[in-house]
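Asker: Submitted below is the structure of interest, expressed as C-alpha cells.
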Amino acid sequence: MMENSVNDPYQTPTADVEVNIGDSKLSSVYKRFSAWGVVGLMIITLGFYGIYWLVNRTNKINAYIENPISVSLMVLTCIFAVLSTVPTFFVVFSIYAPFIIEVAMLENVFSIVYLVLFYAWLFKFRNRIHSYVNAQKGTYAWAGPILTFFLSTLYLQYKINKIIDNE
C-alpha cells in the first residue's frame, strides 16, 4: 500500500473506515404509546405522570445520543416537583395555620423554580429528538415550540408517534 503512494503521489489515499451512524429510527428507541393514554394517566396521577413520562423517555434517548441530557437536571426537577406540592398539603390540612401566608409564598417559589427546570428539560428533550431523527423545520417530525410549551408531554408523545408511523 505504501509503495503505491510513493510511486503515485496523486493516488487517492485508502483506509478502512467503519462508521456506525445507527438507523436513527425512533421506533428503535420507543414503542408507540397513545397520546390519549398520556392524557388519561396525567389526569389519574394528578400530573405526576408527566414527570415519569419525561424521565422514562429521556433515559431511553440518552442511550442513543452523543449529548445526553444531564441526570442532575432531571433529579433537580423531580425534587422541585415534590417540593412544590408538599406545602399544599400543609395548607389543606391546616398543620401550619398561623404560617399559611409564608407556606403559600414558599410553594410559589418552589413552583416557579420547578416550571423553569421542567421547561428547560422538556425543550432539551425535544431538541434531542430533533437531532436524532434529523428533523427539519416544517416537516412532520418537527415539534413546534409553542405547542411544546402549552401541551408539553402530550404533544411530544403525539410527535413521537407521528415520527414512528412515518418511518
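Asker: Just checking, does the range 39-47 include any residue being touching a residue at least 24 places away in the same chain (Cβ under 8 Å), open to solvent by 50 Å² or more (accessible area, probe 1.4 Å) and either within 12 Å of Gln157 (Cα to Cα) or of a type in the set (Phe, Trp, Tyr) (or both)?
Answerer: no
Asker: Show the residue pairs that are 6+ apart or on different chains and have beta-carbon atoms under 6 Å apart, the first residue being within the range 146-162 and within 16 Å of Tyr49 (Cα to Cα) and open to solvent by 80 Å² or more (accessible area, probe 1.4 Å), the second being among the small types (Gly, Ala, Ser) and part of a helix (DSSP H, G or I).
Answerer: Cβ pairs passing all conditions: Tyr158/Ala35.
Asker: While we're on this one: Looking at Lys137 and the list (1) assigned to a helix (DSSP H, G or I); (2) over 24 Å from Thr77 (Cβ atoms); (3) basic (Lys, Arg), which single condition is not satisfied?
Answerer: The single condition Lys137 does not satisfy is (1).
Asker: Let me ask another. Surrounded by 11 or more Cβ atoms within 10 Å (Cβ to Cβ) and either modelled with pLDDT under 90 or in contact with a helix residue (DSSP H, G or I) (Cβ under 6 Å, 6 or more places away or on another chain) (or both): is that true of Ile21 in this structure?
Answerer: Working: surrounded by 11 or more Cβ atoms within 10 Å (Cβ to Cβ): no; either modelled with pLDDT under 90 or in contact with a helix residue (DSSP H, G or I) (Cβ under 6 Å, 6 or more places away or on another chain) (or both): yes.
No.
Asker: Would you mind telling me which numbered condition in (1) at pLDDT below 75; (2) open to solvent by less than 80 Å² (accessible area, probe 1.4 Å); (3) polar (S, T, N, Q) Ser84 fails?
Answerer: Here Ser84 clears every test but (1).
Asker: Out of Ala35, Ala143, Ala135, which single residue is buried (at least 16 other Cβ atoms within 10 Å of the Cβ), under 26 Å from Glu167 (Cα atoms) and modelled with pLDDT under 95?
Answerer: Numbers: Ala35 fails: modelled with pLDDT under 95; Ala143 fails: modelled with pLDDT under 95.
Going through Ala35, Ala143, Ala135 in turn, just one is buried (at least 16 other Cβ atoms within 10 Å of the Cβ), under 26 Å from Glu167 (Cα atoms) and modelled with pLDDT under 95: Ala135.
Asker: Could you grab me the full set of residues in the range 35-77 that are aliphatic (A, V, I, L, M) and at positive phi?
Answerer: In the first step, residues of the range 35-77 are kept if they are aliphatic (A, V, I, L, M); the result is 35, 38-39, 41-44, 46, 51, 54-55, 61, 63, 65, 69, 71, 73-76.
Hit for the range 35-77 is Leu46, nothing else.
The values are calculated or read from the model by the stated rules, or taken from the named source; none is laboratory data. What you see is a predicted model; the values in this text were computed from it and never measured. Neighbour counts are summed over all protein chains in view; Cβ atoms, including those assigned to glycine, are modelled from backbone coordinates with ideal geometry. These accessible areas exclude ligands, DNA and RNA; they are computed on the full protein's heavy atoms, side chains included. Shrake-Rupley method; radii C 1.70, N 1.55, O 1.52, S 1.80 Å.
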